[in-house]
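A short write-up of the structure that comes next.
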Amino acid sequence: MSRIKEAFAKGKAFIPFITCGDPDMETTEQTVREMVRNGADLIELGIPFSDPTAEGPVIQGANIRALSAGTTTDKVFDLVRRLRTDVTVPMVFMTYANVVYSYGAERFIGTCREIGIDGLILPDLPFEEKDEFLSVCRENGVELISLIAPTSADRIAMIAKDAEGFIYIVSSLGVTGVRSQITTDISALVKVVRENTDVPCAVGFGISTPEQAKKMSEYADGVIVGSAIVRQIAEHGKNSAKPVGEYVRSMKDAIR
């Protein structure tokens with residue numbers, strides 16, 4: 001059983017997202033460990049990119065800060081090596097196809113295997129074009145995570161049938177960011193997924209409060225939170241680890 005599958009086998013999974021290198025690598029490292037101590041089941045690590053098309057202003061700002069601080073893909077790989085000395089929960093990278101292309105797909109994904117990365121999320125990679133990455137991922141035991149959006153419509157079944165690791169259900173149209181209300185019928189999306197695969201699904205985009213997390217977890221197998229965490233890091237800077245850990249604990253408690 002893969003580490004990702006194990007994470008979902010324990011109950012509803014809480015998946016926090018963090019942009020690596022914002023405000024610096026040391027803070028990212030401390031914050032990841034604090035999130036794990038407070039109940040995070042799987043960590044989504046963002047590799048910063050200059051043109052993060054799926055991200056709203058909060059995570060765009062984190063990308064700019066991380067890149068300005070000198071964050072590179074190799075430094076993110078080194079961060080994961082340090083984390084893997086004691087962090088055992090699954091970790092996945094969230095980045096953009098261009099980051100993988102420019103590094104070299106085989107080299108990038110081979111390094112993922114070597115350092116203990118379990119999966120890869122590329123939000124700008126269309127389902128129809130994923131084969132060039134998929135074969136390399138499978139050779140290296142790195143699961144390529146599929147995304148399903150409210151606009152996926154009749155493609156949901158097709159995407160679900162080919163999914164691995166977990167399915168990332170995008171709860172709202174547009175880019176990432178905190179939303180006061182999620183109006184998408186998540187239960188309808190999950191229903192189609194369940195009819196076509198037993199791969200677990202997690203809901204992300206816009207979730208920020210324990211109440212929202214609890215509601216989403218009633219339909220899905222996990223909840224993903226990014227902007228609300230990144231916003232706290234923007235606020236607390238190098239002192240982010242403790243408040244983010246406390247926030248993760250509150251969210252995990254809400255979905256138990």
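Quick one: 3J(HN,Hα) in Hz for region 141-156, Karplus 6.51/-1.76/1.60 with θ = phi - 60°, rounded, Gly and Pro as x.
Ordered by residue, 3J(HN,Hα) equals x, 9, 7, 8, 7, 8, 10, 10, 10, x, 8, 5, 6, 6, 8, 4 Hz.
List the aspartates and glutamates whose Cα sits under 13 Å from the Cα of LYS130, skipping any in the same chain fewer than 8 residues away.
List returned: GLU143, ASP162, GLU164.
By per-residue mean of other Cβ atoms within 10 Å, what is the highest-first order of 130-138, 34-42?
In descending order of packing, they fall as 34-42, 130-138.
Working from the alpha-carbon coordinates of region 11-248, get Rg over Rh, Rh being the Kirkwood radius.
Rg divided by Rh gives 0.93.
Taking the Cβ of each residue in SER152, SER68 as the centre, tally the other Cβ atoms inside 10 Å and list the residues starting with the fewest.
The most exposed by this proxy come first: SER68, SER152.
So what's the net charge close to ASN140: Lys and Arg +1, Asp and Glu -1, counting the other residues with Cβ under 12 Å from its Cβ? Walk me through the numbers before you get to the answer.
On the way: positive: ARG107, ARG113, ARG138; negative: GLU106, GLU114, ASP118, GLU139, GLU143.
Taking every Cβ under 12 Å from that of ASN140, the sum is -2.
Show the residues, 5+ positions off or on another chain, whose built amide H is closer than 5 Å to the amide H of THR19.
It is GLY46, by chain and number.
Grab the other residues whose beta carbon is less than 14 angstrom from that of VAL80, score K and R as +1, D and E as -1, and report the net.
Spelling it out: positives minus negatives among the neighbours equals 0.
When the Cα centres of region 147-170 and region 74-107 are compared, how far apart do they sit, in Å?
The two parts, judged by their Cα centres, are 24 Å apart.
Could you please state, rounded to a whole Å, how far the C-alpha centre of region 1-31 is from the C-alpha centre of region 53-73?
Here the two parts' Cα centres lie 18 Å apart.
FYI, it's all coordinate maths here, none of it is from the lab. Computed from a prediction, not measured in an experiment: that's the story for all the values here. All Cβ positions, glycine included, derive from the backbone under ideal geometry; neighbour counts span all protein chains shown.
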